[in-house]
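A.B. asks: Have a look at this one.
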Amino acid sequence: MKNIDFLILGAGASAFAASIKASELGAEVAMVKGPLPLGGTCVNVGCVPSKSLVRAAELVHLAGTNPGPGVRLSPAEADYAEIIRSELRLVDAMRHKKYELVMEQAHGVTVVEGEAEFLDPHRVRVGAEEFSSERILIATGSTAVPPQVPGLVEAGFLTHVTALASERLPHSLLVLGGGPVGLELAQVYARFGSKVTIAVKGRQLFARTEPELSRRLEEIFVEEDITVLKEAKAVRAERRGNLKVVTLRGPAGDLGVEVEEILVATGKTPNTRTLKLERAGVGVDDRSAIITSPTYQTTAPHIFAAGD
């Protein structure tokens with residue numbers, strides 16, 4: 001049993017910032033790193049790789065449009081595989097510089113490899129090791145969750161994680177989901193040359209934004225030859241040879257969309273299911289997210305929650 005001043009579950013941006021601040025205050029810190037490399041979502045499978053692709057796709061798009069009278073530009077043949085390899089090299093370099101090197105120099109911070117589970121409100125087990133602490137931070141991040149569509153798993157699909165590492169550019173792509181991740185990657189793929197269709201269950205793209213902004217986003221996508229299908233719920237998927245067919249159900253009936261690849265961007269779920277939070281007295285809602293409402297009376301006031 002190891003007694004730690006501050007125990008952090010997770011190794012993403014929130015966990016990293018908390019560990020550095022705690023070490024500066026003189027605390028002995030243990031940070032439990034799960035499946036993702038140090039740095040969590042942002043540097044590995046989020047902001048850094050996605051914005052690298054967004055910028056590359058923007059350059060290709062600008063080269064293919066006429067910016068003004070007398071200006072003649074033609075898009076060069078983009079090497080998509082090399083663009084992905086370059087993006088991954090950038091991720092490796094930034095993770096090493098901004099996280100790994102900093103953590104090596106952090107006094108009093110120990111990174112523990114493995115999956116954590118609570119034994120009681122003050123004790124956590126990681127593999128064969130046990131840790132106890134008076135202060136525990138849950139910062140385990142989240143994972144993309146596919147919709148429960150019959151045949152989808154068998155047909156195969158991409159998530160934002162696998163999409164950001166795949167060197168293959170599909171000729172056609174169906175994006176399930178109209179949130180920021182789905183919309184961003186839909187435009188990236190379209191600008192590199194994929195024929196992209198976006199299917200959303202609601203009446204507008206980006207459901208959480210103002211209708212006027214959503215309408216403008218849709219106009220831009222249509223201008224870039226992206227098909228937008230609203231009130232379209234995926235009800236079945238299957239593989240037919242090298243292609244995949246997704247049946248979408250809407251007000252006008254069923255529609256089959258045949259594509260080379262499917263990108264699932266329908267939301268994420270917190271990585272808390274294996275933590276055995278009930279042993280710590282931490283409540284969760286029906287999505288397995290940690291309840292952090294000020295009105296919630298936890299029996300474990302020393303346990304805090306943070307995002308990715």
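The values are calculated or read from the model by the stated rules, or taken from the named source; none is laboratory data. Because the structure is a prediction, the values reported are computed rather than measured. Note that each Cβ is placed from the backbone with ideal geometry, even for glycine, and that neighbours are counted across all protein chains shown. These area figures cover heavy atoms from the full protein model, side chains too; ligands, DNA and RNA do not enter into them. Shrake-Rupley method; radii C 1.70, N 1.55, O 1.52, S 1.80 Å.
The rows are residues; the columns are (1) modelled with pLDDT under 95; (2) touching a Leu at 6+ places or on another chain (Cβ under 8 Å); (3) not charged (D, E, K, R).
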residue	(1), (2), (3)
LEU90	no, no, yes
MET94	no, no, yes
MET103	yes, yes, yes
VAL124	no, yes, yes
THR140	yes, yes, yes
ALA144	yes, no, yes
GLY151	no, no, yes
ALA155	no, no, yes
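A.B. asks: All but one of (1) open to solvent by 30 Å² or more (accessible area, probe 1.4 Å); (2) under 26 Å from the mean Cα position of the chain (by Cα); (3) in contact (Cβ under 8 Å) with a residue 60 or more places away in the chain hold for GLU129; state the number of the condition that does not hold.
C.D. replies: (2)
A.B. asks: Of everything in region 180-206 that's of a type in the set (D, E, K, R) and over 15 Å from VAL264 (Cα atoms), which residue is nearest to the chain's Cα centre (by Cα)? Quick ask: steps written out before the conclusion?
C.D. replies: Going through region 180-206, the residues of a type in the set (D, E, K, R) turn out to be 184, 191, 195, 201, 203.
From the residues that got through so far, the ones that are over 15 Å from VAL264 (Cα atoms) too are 191, 195, 203.
Details: ARG191: 21, LYS195: 23, ARG203: 24 Å.
Out of the qualifying residues, it is ARG191.
A.B. asks: Same structure, new question: May I ask you to list the residues in region 22-57 that are charged (D, E, K, R), in a helix (DSSP H, G or I) and modelled with pLDDT of 95 or more?
C.D. replies: The initial filter retains those residues of region 22-57 that are charged (D, E, K, R), namely 24, 28, 33, 51, 55.
Next cut, in a helix (DSSP H, G or I) only: 24, 51, 55.
Passing the criteria: LYS51, ARG55.
A.B. asks: Somewhere in region 158-172, is a residue open to solvent by less than 20 Å² (accessible area, probe 1.4 Å), in contact with a Gly (Cβ under 8 Å, 6 or more places away or on another chain) and either touching a residue at least 24 places away in the same chain (Cβ under 8 Å) or part of a helix (DSSP H, G or I) (or both)?
C.D. replies: The first filter runs over region 158-172 and keeps only residues open to solvent by less than 20 Å² (accessible area, probe 1.4 Å), leaving 163-164, 170.
Filter again for in contact with a Gly (Cβ under 8 Å, 6 or more places away or on another chain), leaving none.
The answer is no, given that none of the residues of region 158-172 is open to solvent by less than 20 Å² (accessible area, probe 1.4 Å), in contact with a Gly (Cβ under 8 Å, 6 or more places away or on another chain) and either touching a residue at least 24 places away in the same chain (Cβ under 8 Å) or part of a helix (DSSP H, G or I) (or both).
A.B. asks: Could you tell me whether region 138-145 includes any residue that is more than 19 Å from GLY12 (Cβ to Cβ) and surrounded by fewer than 22 Cβ atoms within 10 Å (Cβ to Cβ)? Step through it out loud before you land on a result.
C.D. replies: As a first pass, look at region 138-145 and keep what is more than 19 Å from GLY12 (Cβ to Cβ): none.
No.
A.B. asks: Consider region 3-21. How many of its residues are touching a residue at least 40 places away in the same chain (Cβ under 8 Å) and in a helix (DSSP H, G or I)? So that I can check it myself, show each step before the final result.
C.D. replies: Kept after step one, since they are touching a residue at least 40 places away in the same chain (Cβ under 8 Å), are these residues of region 3-21: 3-16, 18-20.
With the extra rule that they be in a helix (DSSP H, G or I), the set shrinks to 13-16, 18-20.
Number satisfying all stated conditions: 7.
A.B. asks: Can you go through GLU117, GLU82 and tell me which one is farther than 21 Å from GLY26 by Cα, open to solvent by less than 70 Å² (accessible area, probe 1.4 Å), in a strand (DSSP E or B) and not hydroxyl-bearing (Ser, Thr, Tyr)? I'd like the intermediate steps shown before the answer.
C.D. replies: Details: GLU82 fails: in a strand (DSSP E or B).
Of the residues listed, the single one that is farther than 21 Å from GLY26 by Cα, open to solvent by less than 70 Å² (accessible area, probe 1.4 Å), in a strand (DSSP E or B) and not hydroxyl-bearing (Ser, Thr, Tyr) is GLU117.
A.B. asks: Can you tell me which of (1) at pLDDT below 65; (2) in contact with a Pro (Cβ under 7 Å, 6 or more places away or on another chain); (3) open to solvent by 30 Å² or more (accessible area, probe 1.4 Å) is the one SER288 doesn't meet?
C.D. replies: So SER288 meets the others, but not (3).
A.B. asks: List, please: which pairs have Cβ atoms under 8 Å, are six or more places apart or on different chains, and start with a residue in region 256-270 that is free of Cβ contacts under 8 Å to residues at least 60 places away in the same chain and end with one that is among the aliphatic types (A, V, I, L, M) and open to solvent by less than 20 Å² (accessible area, probe 1.4 Å)?
C.D. replies: Correct list of pairs: GLY256/VAL245; GLY256/VAL246; GLY256/LEU248.
A.B. asks: Still on this structure, please answer the following. Check off (1) surrounded by fewer than 21 Cβ atoms within 10 Å (Cβ to Cβ); (2) in contact (Cβ under 8 Å) with a residue 24 or more places away in the chain; (3) within 30 Å of SER166 (Cβ to Cβ); (4) of a type in the set (Val, Ile, Thr) for THR65 and give me the number that stays unchecked.
C.D. replies: Only one criterion in (1) surrounded by fewer than 21 Cβ atoms within 10 Å (Cβ to Cβ); (2) in contact (Cβ under 8 Å) with a residue 24 or more places away in the chain; (3) within 30 Å of SER166 (Cβ to Cβ); (4) of a type in the set (Val, Ile, Thr) is unmet by THR65, namely (2).
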